[in-house]
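The block underneath contains the structure these notes are about, expressed in structure tokens.
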Amino acid sequence: MTVERKKNGSRCNRRQMSSLKLMLSLLVALLILPFTTAAVQAAPAEVVLVSSDAAGVQGNLVSLWPRISTDGRYVVFQSTATNLVTPVTAGQQVFRKDLLTGEVKLCSADGAGVQGNGASSYPVISSDGRYVAFHSSSTNLVAPATTGNQVFRKDLVTGEVRLASANAAGTQGNGGISYIPDISSDGRYVSFTSTSTNLVSPATSGEELFSKDMLTGEAKLASSDAAGAESNLANGYPSYSSDARYVSFASNANNLIPGVIGQQIYRKDLLSGAIVLVSADAAGTQGAGGIATYSSISADGRYVGFDSSQTNLVAPATTGNQVFRKNLATGEILLASANTAGTQANNTAQHPSISPDGRYVAFHSNATNLVAPATTGNQIFRKEMAAPYYFYFAEGYTGSGFQEYLCLGNTSATPITVKTTYLFKDGTSKEEIYGVPGNSRRTVNVNAAAGADKEVSIKCESDSSFLAERPMYFDYQGKWTGGHDVVGTTSPSLSWYFAEGYTGAGFDEWICVLNPGDLAANFTFYFQTQETGEIINGVHTIGAHTRQTFKVNDLLGGESRQNSLQLVSDHPIVAERPMYFSYSGTGGYGWTGGSCVMGTPSLSSSYYFAEGTTRDGFEEWLTLQNPSPTPITIHATYYLGSGAPVEKDYPVAAGKRSTIMVNSAEAGVGAEKDASVLLTCPTPFLAERPMYFDYQGLGNWGWTGGHCVIGAVSPANEWLFAEGYTGSGFEEWLCIQNPGATAAAVTIDYYLEGGGAPITKTHNIPANSRYTVPVNTDAGAGLAISAKVSSTQPVICERPMYFNFNGAWSGGHDVVGYVP
């Protein structure tokens with residue numbers, strides 16, 4: 001940012017992953033699939049026959065390999081039954097059953113509905129049930145005709161079939177077999193194993209794992225080392241994270257990670273290229289004494305469930321084939337195939353399936369000692385693992401001129417406890433247990449809980465779902481007053497990105513780093529500056545269970561730099577970026593305040609900002625980060641309070657960042673506009689929206705400050721906020737953007753400090769519009785509250801707040817809500 005940048009004005013008039021025999025895997029998969037029928041509105045414990053025709057008549061031959069959509073409505077499976085659809089089918093085909101309507105669709109058919117002339121199997125389905133990927137020896141599914149065993153994706157809305165096992169030019173894989181696909185939640189990406197050598201450049205050899213972007217056509221080699229070099233032995237059995245950024249898989253290769261040998265499970269980051277060993281103990285020592293074969297990865301890529309006969313993964317040593325869950329954020333590994341006393345399964349356990357949040361691992365086993373009474377034969381079990389609900393904060397200070405709070409939100413009717421660990425820079429820590437009643441929120445005074453004059457980070461954990469925010473208020477160095485707030489991150493990461501940053505006159509920029517792990521972390525700062533491109537600073541080391549603070553002004557040699565940052569570490573850490581300022585802006589204002597942003601561990605191809613105004617007293621900016629080695633162009637669509645959307649294109653050079661003043665008619669939308677914005681680019685990037693203001697609000701207050709957020713990567717039907725206050729000296733707002741073509745019916749539940757009946761309000765938000773809720777009047781005055789925003793249509797939600805804290809420190813802060 002430059003000193004001549006950034007929002008101000010009245011809110012009253014705006015808002016609104018060695019191959020095994022395929023048949024074995026097919027048979028086993030039938031056993032382990034969890035089944036839900038929520039969308040069918042079935043009675044509790046009801047069992048529904050899936051392999052039947054639309055009238056409910058069962059299939060007349062064998063059906064195998066079911067996979068289910070997220071809501072339970074759709075199930076895909078392979079079958080040799082001839083009576084499931086009309087006209088009758090022959091051979092092994094793939095079908096999708098709608099458990100709401102009973103409809104059965106043939107998936108292994110060409111665009112005209114003609115069935116495949118070969119065997120089709122191993123189907124997988126997208127979250128919404130629209131896309132189905134499978135492998136097939138059919139030659140007639142697409143034109144030109146294919147040969148060998150290929151992987152296809154069927155769109156059940158349009159009927160279109162596309163070849164997934166093809167290179168970027170659309171040429172089919174030239175190997176004898178491409179098989180065992182997985183599909184991303186949105187259906188855009190399909191992963192598979194193939195012996196083809198022509199899918200990527202340079203040509204590959206042997207059996208490799210690939211990821212295909214069905215939108216752009218790009219094919220990527222997934223079974224490669226961090227530098228992109230292909231593996232030197234067989235790979236297979238992929239499992240995608242929900243956004244297809246991460247894929248876990250098994251490999252016999254000995255060149256993926258130096259020194260690692262034998263059949264192991266790996267997780268590949270398809271965005272950064274990083275690859276990590278999953279089948280390792282908590283200290284990172286590779287699995288030994290056996291092999292690891294099948295894996296299942298959580299939605300966010302943090303947890304991987306896998307089976308292995310390796311004996312050294314946990315203590316005490318295991319025997320036989322067992323199932324484990326690896327936490328790739330902390331290194332922790334747990335034995336899943338164990339009874340409640342922790343005793344391992346006394347017979348083979350294998351083929352895990354992990355829940356999206358990593359809390360549950362299902363598997364099948366011949367063990368007799370996992371439950372009481374003892375079981376016989378091969379059965380299915382589900383293990384609930386250790387608490388997966390965490391929030392981390394790197395920043396925190398309880399010295400003179402700072403007041404720090406921790407807000408804990410509980411939207412369930414059941415009381416919960418939250419273990420909170422305060423981590424100090426000297427490596428010491430302090431633990432507290434906080435109870436939070438059902439349907440309530442709790443506010444913790446961190447200054448009192450952690451003690452005075454502490455540089456403190458926080459880790460919160462619970463067996464139950466919850467939300468944590470950390471608002472702070474300050475008189476920074478006795479000269480700049482304000483406040484900032486962040487929602488905690490749920491996981492440490494090896495990389496953190498920040499789009500905004502400025503070290504010019506009137507700005508102090510900091511990076512706070514927390515290492516919650518058991519090993520020291522070594523990390524490097526990669527700054528993408530607007531003025532001179534990339535500047536590298538490091539390597540820095542942070543001890544286990546400690547925190548450090550770095551002044552970016554000093555890291556950049558005291559030079560004025562508009563900067564973005566990529567922070568890269570060899571062990572998972574947490575990073576935040578607080579900034580304090582006296583903002584001159586376009587009018588020499590001297591607006592004092594501060595902002596803080598929790599970094600993001602990944603980039604995205606889209607960002608939504610619900611909040612935004614260029615009215616009098618507000619200056620709004622967009623900061624765009626491109627850490628990639630190629631230039632990009634970002635497309636912006638501004639949705640105004642009234643009138644047609646405004647379209648803009650912003651080029652960003654390789655390894656640089658760009659700054660856009662939204663108030664500018666040429667670069668943005670011009671003055672006196674309320675605008676939400678959607679930013680898109682085929683190449684992943686990062687966007688933040690800093691705003692500076694002289695907030696007049698409902699009482700002509702003149703509260704100066706600034707706030708900044710990273711955009712939401714997608715709309716959602718539910719958003720949570722732990723913080724909220726409508727008492728004297730505070731004005732709270734909820735900004736909701738509906739980017740869809742259908743009006744959204746929105747319900748807001750406000751949860752009171754201490755509990756009690758939630759306050760519920762409803763609002764209707766027109767299609768393609770933005771809407772602002774004045775919480776002080778919607779919920780009522782004088783309340784400390786958390787909020788849940790639920791919508792019938794996917795929306796984006798932010799919560800800006802403006803204040804005069806204790807009548808002395810004025811400012812504002814803003815957060816994008818948390819999506820559970």
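Annotations for the structure displayed:
- So residue 733, is it under 26 Å from the mean Cα position of the chain (by Cα) and over 16 Å from residue 802 (Cβ atoms): no
- Counting only strands (runs of 3 or more DSSP E) that sit wholly inside the range 584-645, those with at least 2 residues that are touching a Lys or Arg at 6+ places or on another chain (Cβ under 7 Å) and over 27 Å from residue 510 (Cα atoms) are 632-640.
- Residue 165 being surrounded by 24 or more Cβ atoms within 10 Å (Cβ to Cβ) and at pLDDT below 95: no
- In the range 448-496, residue farthest from residue 245 (Cα to Cα) [restricted to those that are in a loop (DSSP other than H, G, I, E, B) and of a type in the set (Ser, Thr, Tyr)]: 464
- So residue 776, is it assigned to a helix (DSSP H, G or I) and modelled with pLDDT of 95 or more: yes
- Among the numbered conditions (1) assigned by TED's automatic domain parsing to the domain that holds residue 491; (2) outside any loop (DSSP other than H, G, I, E, B), the only one that residue 361 does not meet is (1).
- In the range 269-292, the residue that is nearest to residue 349 (Cα to Cα) out of those that are modelled with pLDDT under 95 and not hydrophobic (A, V, I, L, M, F, W, C) is 284.
- Considering 454, 551, 479, the condition of being within 30 Å of residue 785 (Cβ to Cβ) and either touching a strand residue (DSSP E or B) at 6+ places or on another chain (Cβ under 6 Å) or not small (Gly, Ala, Ser) (or both) is satisfied by 454 alone.
- Among the conditions (1) over 20 Å from the mean Cα position of the chain (by Cα); (2) crowded, with 20+ Cβ neighbours inside 10 Å; (3) assigned by TED's automatic domain parsing to the domain that holds residue 358, the only one that residue 235 does not satisfy is (3).
- Residue in the range 57-75 that is small (Gly, Ala, Ser) and at pLDDT 95 or above present: no
- Scanning the range 169-224 for residues that are among the charged types (D, E, K, R) and closer than 21 Å to residue 94 by Cβ yields 182, 186, 188, 212.
- Per-region count, the range 159-169, residues in a loop (DSSP other than H, G, I, E, B) and under 21 Å from residue 107 (Cα atoms): 4
- Residue that is surrounded by 24 or more Cβ atoms within 10 Å (Cβ to Cβ), out of contact with any Gly (no Cβ under 7 Å at 6 or more places or on another chain) and at pLDDT 95 or above, where the choices are 506, 501, 482: 501
The values are calculated or read from the model by the stated rules, or taken from the named source; none is laboratory data. Values in this document were obtained by computation on a predicted structure and should not be read as measured data. No Cβ is skipped: glycine too gets one built from the backbone with ideal geometry, and neighbour counts run over all protein chains shown.
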